[in-house]
1. Can you tell me how many residues in the stretch 120-156 are in contact with a helix residue (DSSP H, G or I) (Cβ under 7 Å, 6 or more places away or on another chain) and over 18 Å from residue 99 (Cα atoms)?
2. Mind listing just one residue for me: the one in the stretch 128-163 that is assigned to a loop (DSSP other than H, G, I, E, B) and of a type in the set (A, V, I, L, M, F, W, C) and, of those, surrounded by the fewest Cβ atoms within 10 Å (Cβ to Cβ)?
3. Give the number of residues within the stretch 87-106 that are charged (D, E, K, R), in contact with a strand residue (DSSP E or B) (Cβ under 9 Å, 6 or more places away or on another chain) and either exposed (fewer than 14 other Cβ atoms within 10 Å of the Cβ) or outside any helix (DSSP H, G or I) (or both).
4. So, of the residues in the stretch 71-81 that are surrounded by 13 or more Cβ atoms within 10 Å (Cβ to Cβ) and among the hydrophobic types (A, V, I, L, M, F, W, C), which turns out to be farthest from residue 135 (Cα to Cα)?
5. Inside the stretch 59-82, can you point out the residues that are part of a loop (DSSP other than H, G, I, E, B) and under 21 Å from the mean Cα position of the chain (by Cα)?
6. Between a residue in the stretch 107-127 that is in a loop (DSSP other than H, G, I, E, B) and any residue that is among the aromatic types (Phe, Trp, Tyr), which pairs come within a Cβ distance under 6 Å, given they are 6 or more apart or on different chains?
7. If you check residue 84 against the conditions, is it touching a helix residue (DSSP H, G or I) at 6+ places or on another chain (Cβ under 9 Å), among the acidic types (Asp, Glu), surrounded by 11 or more Cβ atoms within 10 Å (Cβ to Cβ) and modelled with pLDDT under 70?
Amino acid sequence: MKTARGKSFPVEALKQGLLIVFIAAALSLLVNHFRPNGLPLTGSPASKTASNGSQSPEEPLVTIEEARALFFAHGAVFIDARPEADYRSGHIEGALNLPADRLGKALPRIESKVSPSSLVITYCDGEHCPLSREVALQLSAKGYSHVMVLINGWTLWRDDGLPIGKGR
């Protein structure tokens, strides 16, 4: 069977199908690139967290096991980087709230309660949540020398049945 242009119908359909797939792939990569929290294009989220692939000197990562031990030894100050409403609905027991979206306002309150030499663990919720990293970097910039990030901290803490608090 031939098309009006004299080309074979299956060949023409294959070309058009490939063109549609190419355009869709290009558009999805473009959207992912401009997404504030774009999806990783290589590796799996679990392997990235397990291998500390995203770790940098400014924000060392802490595992849930290490965080648990530090919590029960009273060896760290926990900072919840989520918005205040999320913090009030549930947080690591004793954690202070330093919402990433209101750092400028809330940071002086934290600075008056937490010594720059304290071990600080920041957390938020979700494997790709950037809030705990943002807060960790800001604290480091303000002179806090021992700041660590607990990736997916709230979910891991809650799912392990560890002590939680509610309200302010």
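The values are calculated or read from the model by the stated rules, or taken from the named source; none is laboratory data. Please read these numbers as outputs of a predicted model, since none were measured by experiment. Cβ placement follows ideal geometry from the backbone for every residue including glycine, while neighbour counts extend to all protein chains displayed.
1. 1
2. From the stretch 128-163, those assigned to a loop (DSSP other than H, G, I, E, B) are 128-130, 142-145, 151-152, 160-163; that's our starting set.
Okay, now just the ones that are also of a type in the set (A, V, I, L, M, F, W, C), so 129, 151, 162.
Numbers: 129: 21, 151: 24, 162: 15.
My answer is 162.
3. Initial filter on the stretch 87-106 (charged (D, E, K, R)): 88, 93, 101-102, 105.
Those still in the list that are in contact with a strand residue (DSSP E or B) (Cβ under 9 Å, 6 or more places away or on another chain) too: 88, 93.
Going one step further and asking which of them are either exposed (fewer than 14 other Cβ atoms within 10 Å of the Cβ) or outside any helix (DSSP H, G or I) (or both), we end up with 93.
Of the residues in the stretch 87-106, 1 are charged (D, E, K, R), in contact with a strand residue (DSSP E or B) (Cβ under 9 Å, 6 or more places away or on another chain) and either exposed (fewer than 14 other Cβ atoms within 10 Å of the Cβ) or outside any helix (DSSP H, G or I) (or both).
4. 71
5. From the stretch 59-82, those part of a loop (DSSP other than H, G, I, E, B) are 60, 62-63, 73-76, 81-82; that's our starting set.
Once the filter is applied, which keeps residues that are part of a loop (DSSP other than H, G, I, E, B) and under 21 Å from the mean Cα position of the chain (by Cα), the stretch 59-82 yields 60, 62, 63, 76, 81, 82.
6. 116/144; 125/154
7. Values: touching a helix residue (DSSP H, G or I) at 6+ places or on another chain (Cβ under 9 Å): yes; among the acidic types (Asp, Glu): yes; surrounded by 11 or more Cβ atoms within 10 Å (Cβ to Cβ): yes; modelled with pLDDT under 70: no.
Answer is no for this residue.
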